[in-house]
1. Enter the mean projected area of the convex hull around the alpha-carbon atoms of region 43-131, in nm², rounded to one decimal.
2. Quick one: length gained pulling residue 111 to residue 81 fully straight, 0.36 nm per residue minus the C-alpha distance?
3. Once each part is reduced to its C-alpha centroid, what is the distance from region 48-99 to region 102-131 in angstrom?
4. DSSP loop trypsin sites (Lys or Arg not before Pro) in region 60-128 with at most 16 other Cβ atoms within 10 Å of their Cβ, which ones?
5. Using only the Cα atoms of region 39-88, what are the Rg and Dmax in Å?
Amino acid sequence: MGEYKKQLSAYICRYWQICADSCLILHLVVYQNYTDAQMNAPVTRGEFVHIFHGAESAYAAINTVADNSIPDVKMTDKFAAEIYEVYRAGILTGSDAKGTFHPASSIKRSEVSAILVRMFDTASRQSITLK
């Protein structure tokens, strides 16, 4: 019984590997050689956008969002180009009227759901004007 528990434990610890490999094969996400600890760590909002940005080769812009207009994302920041592209596509809208993104904050399940729906259902994308 001890060997079975060890094998089951090893499988459960890497349950995400099959999903990650599938996403890589389908070119849905940017994937690197993440460690188990990294794959089980919380993801920031900026990292989430970076990971899933590769799901489409291009995003049609429906919004005008000028460079450096998102208060907490400057074009020199990590993942800025991807973040701005999904804002312009109506996938992200920000957490306030200014479009604040909070790139270093952990992302919530509700935010993940909204982003994924808007990524794959273009009719649900949002028109925004940052103030």
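Any read-out appearing in this document is the output of simple, stated calculations on the displayed coordinates, not a laboratory observation. If you're wondering where the values come from, they're calculated on a predicted model, not measured in any experiment. As a convention, Cβ positions derive from the backbone with ideal geometry for all residues, glycine included, and neighbour counts pool all protein chains shown.
1. The orientation-averaged projected area of the Cα hull of region 43-131 comes to 5.1 nm².
2. Contour length minus Cα-Cα distance gives 8.8 nm.
3. Using only Cα atoms to place each centre, the spacing works out to 10 Å.
4. In loop regions of region 60-128 (DSSP not H, G, I, E or B), the sparsely surrounded trypsin sites (Lys or Arg not before Pro) are 74, 78, 98, 108.
5. Radius of gyration, then largest Cα-Cα span, for region 39-88: 11.5, 36 Å.
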